[in-house]
Each structure stands twice: as C-alpha cells, then as structure tokens.
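Only one structure is covered here, and it is reproduced in the block below.
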Amino acid sequence: MASENGELTGAGYINHHLSNLTYGQLPDGTWSFAHGAEEAASMGFMAIHVDSMVWALSLGVIMFWVMRRVAKSFSSDKPSKVQCFVEALFDMAQDSKDSTFTKQAKNVWIAPMALTIFVWVFFMNLMDLVPVDWIPELAKLAGVGYMKIVPSTDVNVALGMALAVFIMILYYSLKIKGPVGFAKELALQPFGKYLIPFNLVLELVGLLAKPLSLGLRLFGNMYAGELIFILIAMMYSAGLGLGVLGGVAQLGWSIFHILVITLQAYIFMMLTIVYLSQAHEHH
C-alpha cells in the first residue's frame, strides 16, 4: 500500500519486502512477472518464485565450489584454515550420524548428505544478516520490483527440501524393509493386527508429519526473524531517537540471529538423520 504522495506506508513496506519476484501465467493467458500480491495469487500453484530459485541455486553452487576447491587443495602437512574449518564441519556431520543413525545399518551417503544439508541451509539462512534494504534497492534500480534474498523464508523452498528428504525416507523404507515389510510396519504398529485401521491412521499421520515438521519449522523461524529485521528497519525513518534505537536493536538481533540461523540448519540436518535412521530400522 502507498500513501497519497506515492510513498510506501508501513504496511506497504512490510508487504513489499515479504513479496517474491513471481513469474507465471495470468488469468488472461499471458505469462509475465507479477506486479503485486494480487497478480501473484492469480497465477495459481504453477507460479515460480524466481528470486528464491536463483538465490537458493546460486548459494548451492557457491557451497559446492568452496567444498571442491578445498578438496582439490587438500594437504595433510600444511592444511589451510578453510580446510580445517571444512574438516571440522565434516567431523560434526559424521559424529551426528554415528550418534544417531541405527548401528545395524550401513550407509556411507548419510554423513555427506547431512553435511550438504547443513551447509546449504546455513548459507540460505545467512542471507538474513544482509540489511533488508540493500539488495532490494539495488534490484529496484535495475528495474526489478521485488527481491527476497533469503530462500529459507519462502515456504516453497523449505517444503521443497523437506519433500526431497521425504522421498529419501520412502526410498530407504522400501529398500531396507521391502514393500511387504514397510506395509506391515504401517498396518501393524503399534497395536497389532486387531487394530489395523487405527494403526494405519496413526502411522500415516506420523509419516506425513515428518516433511511438514522439517519444512515448516525452518520456514516459520526464518520468516519470523526476517520480519523482525524489517520492523527494525522501519525505525530508521521514525526520527533520530528511534533510528539510534533501531541501530542498537539491529545489532543485538543480528548477534542473536547468528545462533538462530546456525541452530535451524543443525536441526534440519539432525531431523533428516533421525528420520532416515528410522527408515533403516526393522520392527
């Protein structure tokens, strides 16, 4: 929303910074970028959040480039600081897998996958520390109306990653237990063969809750953190006193948010390991 002189109101400022650069098909059949929340909503389910896709994929490419460069320059005699840091991250992922994953199952992919998830989610969360006006204002100068730079504040990205983990859960459940064993687990747990319908309801709800708990937890925490940064940024336009208070608040929230973004990446990684461990277990 804008005021009569064309300037954004408080609500308009918040809506603008929480809106994605959306591309899709309008009701009249044309394809274009949305020029507001109403046009974005009219595009329906098949609309693409271009900014979330670009930033998520770009951060993923940066992550793999850094890891590949460290791997190619690996030295056991004189390791660099970056190599030591990456080795510490891998040890953390390996220890998390060893302490959580079922002892009976052997899967060499779990620790590397856990490391990939942690670093990628951390990179996406880290974008939340970039001042909220910097990149959107640069995008506006380039003629781009909307630009959200924190992919994990987009529910589509968070649930998309959770869906990928859910597919792996189903894959390993079927691979390790077999179709019959997996069906028995859903039908006979926890109350045995005499309460199969009740067992199915409980187990299916629990199964479907796994991707939802993964995606919505990440999205909710990061979205709330981004909203607080936006509210703090609004204080800069409310006079010198509130502007100084906003600067102090932004510094304090940024320091605290370093813990939040790291913790959310770690929780996403740990829950993935736990869910995949359950997929490997036999009952």
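Check off (1) without any contact (Cβ under 8 Å) to a residue 12 or more places away in the chain; (2) exposed (fewer than 10 other Cβ atoms within 10 Å of the Cβ); (3) not in a helix (DSSP H, G or I) for residue 74 and give me the number that stays unchecked.
Result: residue 74 fails condition (2) only.
Output the number of the condition that residue 226 fails; it satisfies all remaining conditions of (1) closer than 30 Å to residue 184 by Cβ; (2) touching a residue at least 60 places away in the same chain (Cβ under 8 Å); (3) charged (D, E, K, R).
Only one criterion in (1) closer than 30 Å to residue 184 by Cβ; (2) touching a residue at least 60 places away in the same chain (Cβ under 8 Å); (3) charged (D, E, K, R) is unmet by residue 226, namely (1).
Is one or more of the residues making up region 157-176 in contact with a helix residue (DSSP H, G or I) (Cβ under 7 Å, 6 or more places away or on another chain) and modelled with pLDDT under 90?
Looking through region 157-176, at least one residue is in contact with a helix residue (DSSP H, G or I) (Cβ under 7 Å, 6 or more places away or on another chain) and modelled with pLDDT under 90.
Within the set of pairs 6+ apart or on separate chains, which have a first residue in region 29-43 that is of a type in the set (Ser, Thr, Tyr), a second that is modelled with pLDDT of 85 or more, and C-beta atoms under 6 Å apart?
Every condition considered, the pairs that remain are 42/27.
On the given criteria, is residue 118 touching a residue at least 24 places away in the same chain (Cβ under 8 Å), more than 30 Å from residue 236 (Cα to Cα) and not polar (S, T, N, Q)?
Working: touching a residue at least 24 places away in the same chain (Cβ under 8 Å): yes; more than 30 Å from residue 236 (Cα to Cα): yes; not polar (S, T, N, Q): yes.
Yes: the conditions hold for residue 118.
In region 246-274, which residue that is aliphatic (A, V, I, L, M) and surrounded by fewer than 16 Cβ atoms within 10 Å (Cβ to Cβ) is farthest from the chain's Cα centre (by Cα)?
Of region 246-274, the ones aliphatic (A, V, I, L, M) are 248-249, 251, 255, 258-261, 263, 265, 267, 269-271, 273-274.
With the extra rule that they be surrounded by fewer than 16 Cβ atoms within 10 Å (Cβ to Cβ), the set shrinks to 248, 251, 255, 258-259, 263, 274.
Values: 248: 28, 251: 24, 255: 20, 258: 15, 259: 16, 263: 12, 274: 18 Å.
So, considering only residues that are aliphatic (A, V, I, L, M) and surrounded by fewer than 16 Cβ atoms within 10 Å (Cβ to Cβ), the one farthest from the chain's Cα centre (by Cα) is 248.
If you go through region 101-127, how many residues are within 23 Å of the chain's Cα centre (by Cα) and surrounded by fewer than 16 Cβ atoms within 10 Å (Cβ to Cβ)? Working first, answer last.
Within region 101-127, the first condition is being within 23 Å of the chain's Cα centre (by Cα), and the residues that meet it are 101, 109-127.
This time we only want the ones that are surrounded by fewer than 16 Cβ atoms within 10 Å (Cβ to Cβ), so: 109, 112.
Residues that pass the stated criteria total 2.
Mind checking which residues of region 112-141 are under 19 Å from residue 231 (Cα atoms) and assigned to a helix (DSSP H, G or I)?
So the first thing to find is which residues in region 112-141 are under 19 Å from residue 231 (Cα atoms), and the list is 125-137.
The answer is 125, 126, 127, 128, 129, 134, 135, 136, 137.
The values are calculated or read from the model by the stated rules, or taken from the named source; none is laboratory data. Note that this is a predicted model, so its numbers are computed, not measured. As a convention, Cβ positions derive from the backbone with ideal geometry for all residues, glycine included, and neighbour counts pool all protein chains shown.
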